[in-house]
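Engineer: Dropping a structure here in structure tokens format, bear with me for questions.
Values in this text are rule-based calculations from the coordinates and carry no lab data. Here the structure is a predicted model, which is why all the values come from computation and not from measurement. Cβ atoms come from the backbone with ideal geometry, glycine included; neighbour counts cover every protein chain shown.
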Amino acid sequence: AMYDAKLAGKNSYVVFKHSETGQALKQKTEMVDNLKNAIQKGHITAFFQPKINALTEDIIGFEALVRWVDPEIGLINPGHFIPLAEETGLINEIGEFVTKYACEMLVQWQKKFGLSLSCSINLSAVQLLDSKLPEKLENIVNSSGIHPHFIDFEITETINLDDIPNLVSLLNEIVEIGCTLSIDDFGTGHSSLDYVKRIPAKYIKIDQSFVKNIGLNPEDEAILDATINIAKRLNRELVAEGVETLEIKEWLDNKSCLIQQGYFFFRPLPQDQVENLLTNQIADTINIIGHHN
Ligand code: C2E
Ligand code: CA
Ligand code: CA
């Protein structure tokens, strides 16, 4: 309970759990300290996973995915620290960092490579509780010099609309900045259809669990078909993530689901590897033009 009090003093999202013993709480406090330390020392960064135009196989943009690079442990994936960051409110700081980093990288790449690349950034439900969030995002986007329409924010569909008061108006404020929204993990929440209707999202990101089962499970294929129809009829663009095989890619191509992301194309990559990739993409384009001439 002492550790709880300590945590709760500084942060608003700690909930007392009876199952947590003193030992577990001690470990947790250490983990929180480590995470705070990592933020201060600049050990938090983001990797970028390319989004592909499946027709041309060009990179059209990225999703920024946070990473903790610990000098001793190495790379720590978000699954290991995002829940704690959300519980302690540290996700606000992490989220702002990722937004700033992604915007700055994107400006650099657009200038260096002359491509109109876009970037998606994940927003946590905890961040959406902050009514000042749109203003904060606007400041970060504008001071980076990126045009806001290249920045997309992903909201997971597992968020219950009723849990966050004024969520729809907050999301509208983000759209007013000029940024776009994606509904992430579509199909896994409880209120998919109501969600699409109410949320001003340009994109629907179909959840990996359905995409992975293409060619394996006809029911998941049927859900995909239905989702593709919903997106079309409601004038939303579809993004398929978790594309791992050529078979899956081609199935999606045939359904005109052309924005794709997944290990079949690229894994999330650090900034320097993204630059190598873009350098090659430019070189290929020049070769093609040269060839035609
Ligand atoms: P997500 O938003 O659904 O992100 C997609 C996850 O799927 C990423 O895992 C990505 O590396 C992984 N992935 C991409 N393509 C494939 C594929 O073909 N096959 C498989 N098996 N996996 C693939 P990652 O980077 O570990 O992120 C996990 C989750 O952590 C994210 O799920 C997101 O919910 C959260 N997250 C990541 N970065 C941030 C962030 O900056 N802020 C917040 N709030 N959450 C983040
Ligand atoms: Ca996402
Ligand atoms: Ca997702």
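Engineer: What's the center-to-center distance, using Cα atoms, between the range 273-287 and the range 183-261 in Å?
Structural biologist: 29 Å
Engineer: Given a 10 angstrom Cα cut-off, can you work out which residue in Ile206, Ile248, Ile183 is the most mobile in a GNM of the chain?
Structural biologist: Ile248
Engineer: Given the Cα-Cα distance of Thr21 and Glu250 and 0.36 nm per residue of separation, how much length would full extension add, in nm?
Structural biologist: Details: separation 229, 0.36 × 229 = 82.44 nm, distance 5.06 nm.
77.4 nm is the gain from fully extending Thr21 to Glu250.
Engineer: Taking the DSSP beta bridges in the chain as the whole, what percent of them are antiparallel, to the nearest 5? All intermediate terms of the calculation are to be shown ahead of the outcome.
Structural biologist: On the way: 16 of 40 bridges.
Antiparallel bridges: around 40 percent, rounded to the nearest 5.
Engineer: Within the chain, what is the longest stretch that has no chymotrypsin sites (Phe, Trp or Tyr not before Pro) placed in a DSSP loop and near at most 14 other beta-carbon atoms within 10 Å? Walk me through the numbers before you get to the answer.
Structural biologist: Working: sites that count: Phe16, Tyr263.
Longest stretch, sites excluded: 17-262.
Engineer: Shifting gears a bit: For the range 170-268, what log10 I(q)/I(0) values come out of the Debye formula at q = 0.12, 0.16, 0.20 1/Å, with one point per alpha carbon and no solvent?
Structural biologist: Each listed q corresponds, in turn, to -0.38, -0.66, -0.98.
Engineer: For Gly187, what is the net charge nearby, where nearby means another residue's Cβ is under 10 Å from its Cβ and Lys, Arg count +1, Asp, Glu -1? Walk me through the numbers on the way to the answer.
Structural biologist: Working: positive: Lys205; negative: Glu157, Asp185, Asp207, Asp220.
Around Gly187, the surrounding residues sum to -3.
Engineer: What translational diffusion coefficient, to the nearest whole µm²/s, does the range 113-244 have by Stokes-Einstein, given a Kirkwood radius computed over alpha-carbon pairs, a temperature of 25 °C and 0.890 mPa s viscosity?
Structural biologist: Working: Rh = 15.6 Å.
The Stokes-Einstein estimate is 158 µm²/s.
Engineer: So what is the relative contact order for the range 151-271, in percent, with contacts set as C-alpha pairs under 8 Å and at least six apart?
Structural biologist: On the way: 178 pairs, mean separation 24.2, N = 121.
Here the relative contact order equals 20 percent.
Engineer: Alpha carbon centre of the range 61-77 versus the range 84-120: separation in Å?
Structural biologist: Taking the Cα centre of the range 84-120 as reference, the centre of the range 61-77 is 13 Å away.
Engineer: Not counting the cut sites, what is the longest span of the chain without trypsin sites (Lys or Arg not before Pro) that DSSP labels loop and that have at most 13 other Cβ atoms within 10 Å? Before the final figure, lay out each step's value.
Structural biologist: Numbers: sites that count: Lys17, Lys132.
In short, 133-293.
Engineer: Starting from the coordinates of the alpha-carbon atoms of the range 96-171, obtain the Kirkwood hydrodynamic radius over all distinct pairs and give the value in Å to one decimal.
Structural biologist: 13.3 Å
Engineer: Can you count the Lys pairs in the range 72-224 whose Cα atoms are under 21 Å apart, with each pair 8 or more apart or on different chains? If you can, show how the numbers build up before the last one.
Structural biologist: On the way: Lys100/Lys111; Lys100/Lys112; Lys100/Lys132; Lys100/Lys136; Lys197/Lys205.
Counting lysine pairs in the range 72-224 gives 5.
Engineer: Here is a further query. Each residue of the range 76-93 in order: what ³J(HN,Hα) in whole Hz does its phi give by Karplus 6.51 cos²θ - 1.76 cosθ + 1.60, θ = phi - 60°, with x for Gly and Pro?
Structural biologist: 10, 7, x, x, 8, 9, 4, x, 5, 4, 6, 5, 9, x, 5, 4, 4, 5
Engineer: Still on this structure: Which of rounded, prolate, oblate describes the range 23-150, given a ≥ b ≥ c as roots of the alpha-carbon gyration tensor eigenvalues and a/c under 1.5 marking rounded, otherwise prolate only if a/b is larger than b/c?
Structural biologist: Details: a/c = 2.24, a/b = 1.67, b/c = 1.35.
Prolate, since a/c reaches 1.5 and a/b exceeds b/c.
Engineer: Karplus couplings for the range 122-136 from phi (6.51 cos²θ - 1.76 cosθ + 1.60, θ = phi - 60°), rounded to Hz, Gly and Pro as x?
Structural biologist: Per-residue couplings from phi come out as 7, 10, 7, 4, 4, 4, 6, 6, 8, 5, 7, 4, x, 4, 4 Hz.
Engineer: Would you mind giving the average projected area, over all directions, of the Cα convex hull of the chain in nm² with one decimal? Present the calculation step by step, with values, prior to reporting the outcome.
Structural biologist: Numbers: hull surface 70.3 nm².
The number I arrive at for the chain is 17.6 nm².
Engineer: Right, here's the next one. I want to check the label-to-label distance for Ile288 and Ala226. Put each point 7 Å from Cα in the C-beta direction and report it in nm to one decimal.
Structural biologist: Between Ile288 and Ala226, the simple spin-label model gives 3.7 nm.
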